[in-house]
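The block underneath contains the structure these notes are about, expressed in structure tokens.
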Amino acid sequence: MFQIKDTLVSLDLAERFFCCDLPVCKGQCCIEGDAGAPISDVEKKEIEKVWAKASQFMTAQGIDAVKQHGVGYIDEEGDLVTTIVNGRDCAFTSHAADGLCLCALEKACREGIIDFVKPSSCSLYPVRITSYPTFRAVNYHRWSICRSAEILGEKLGIRLYRFLEGPLTRYFGKDWFDELALCCEVYLEEQKHNL
């Protein structure tokens with residue numbers, strides 16, 4: 001484990017390979033599970049401001065769910081999460097003709113309609129951040145639907161921390177990411193010499 005400022009970072013970020021393989025997984029992380037994506041109070045307010053502009057990319061069921069329940073709710077574990085449809089699909093899921101699931105918020109942002117990309121928990125996935133009173137834990141959430149991403153990442157030689165360089169930098173800042181990258185590089189070099 002690495003300690004960077006007030007965060008404890010799992011060695012998985014250095015050791016694991018990862019690169020999303022959307023043609024294979026079809027973006028199942030948007031529609032699988034029993035709760036929505038974790039969001040902060042600030043993100044909830046941002047989504048409330050922009051979701052109507054992004055609704056052109058949402059399903060009718062997603063729009064209805066947001067109109068009825070709002071953009072988020074408190075799940076069984078007490079976490080604020082995005083509203084879901086049918087007990088599992090994120091209300092902000094957009095479906096492409098080939099069956100690919102995408103984020104309607106991200107699609108609207110990429111097209112210049114809104115300036116909010118998507119919740120940080122989505123951008124950072126498969127990394128999950130858990131806050132404690134004195135530190136934050138940064139861990140890799142392994143899930144069978146991401147197996148194709150692990151395979152592609154290994155094939156391309158992309159480590160998890162490098163795959164998430166942009167989202168981690170946006171979330172923690174450039175100095176934090178640079179320190180993480182240095183820790184990972186030193187750690188991986190040491191592992192080579194220990195073989």
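Values quoted throughout were computed directly from the atomic coordinates according to the rules given, and no laboratory measurement underlies them. Computed from a predicted structure; not experimentally measured. Cβ sites come from the backbone with ideal geometry, for glycine too, and all protein chains shown count toward neighbours.
What trypsin sites (Lys or Arg not before Pro) does segment 123-195 have in DSSP loop regions with at most 14 other beta carbons within 10 Å? Don't skip to the end; give the middle numbers.
Values: sites: Arg128, Arg136, Arg142, Arg147, Lys155, Arg159, Arg162, Arg170, Lys174, Lys192; in loops: Arg142.
For trypsin sites (Lys or Arg not before Pro) across segment 123-195 that sit outside H, G, I, E and B with at most 14 neighbouring Cβ atoms in 10 Å, the list reads Arg142.
Backbone amide hydrogens, once placed in the peptide plane, bring Arg16 within less than 5 Å of Leu160, excluding anything fewer than 5 places away on its chain.
Estimated translational diffusion coefficient (Stokes-Einstein, Kirkwood radius over Cα pairs, 10 °C, 1.306 mPa s) of segment 100-158: 115 µm² per second. Mean separation of Cα pairs under 8 Å and 6 or more residues apart, divided by the residue count, gives the chain a relative contact order of 32 percent. Rounded to the nearest 20, the size of the Cβ-charge dipole of segment 1-145 about its Cα centre is 280 debye, with Lys and Arg at +1 and Asp and Glu at -1.
Find out how many positive minus negative residues lie around Leu80, taking Lys and Arg as positive, Asp and Glu as negative, among other residues whose Cβ is under 9 Å from that of Leu80.
Details: positive: Lys44; negative: Asp41, Glu43, Asp75, Asp79.
Summing Lys/Arg as +1 and Asp/Glu as -1 gives -3.
If I stretch the segment between Arg170 and Glu185 completely, what's the gain in nm (0.36 nm per residue apart, minus their alpha carbon distance), one decimal? Show your work: numbers first, answer last.
Numbers: separation 15, 0.36 × 15 = 5.40 nm, distance 2.05 nm.
So the extension gain works out to 3.3 nm.
Averaging Cα coordinates gives a centre for segment 1-68 and one for segment 125-190; these two points are 16 Å apart. The amide H of Val85, built 1.01 Å from its N in the peptide plane, has Cys90, Ala91 as neighbours under 5 Å, considering only residues 5 or more places off or on other chains.
222 nm [θ] for the chain, helices only, -39500 (n - 2.57) per DSSP H run of 4+, per residue, to 500? Working shown, then result.
Values: 10 runs with 87 residues, N = 195.
Per the formula, -12500 deg cm²/dmol.
Restricting to DSSP loop positions (anything but H, G, I, E, B) with no more than 15 other Cβ atoms inside 10 Å of their own Cβ, which GluC sites (Glu not before Pro) remain in segment 78-174? List each step's numbers first, then the result.
Details: sites: Glu106, Glu111, Glu150, Glu154, Glu165; in loops: Glu111.
Passing both the DSSP loop test and the Cβ count: Glu111.
For segment 1-94, the tally of Lys pairs with Cα-Cα distances below 30 Å comes to 13, considering only residues 8 or more apart or on different chains. Taking trypsin sites (Lys or Arg not before Pro) across segment 3-109, the ones in a DSSP loop with at most 16 further Cβ atoms lying within 10 angstrom of their Cβ are Lys5, Arg88. Evaluating 6.51 cos²θ - 1.76 cosθ + 1.60 at θ = phi - 60° for every residue in segment 80-93, the Karplus couplings come out as 7, 9, 5, 4, 10, 10, 6, x, 7, 6, 4, 4, 9, 6 Hz, glycine and proline recorded as x.
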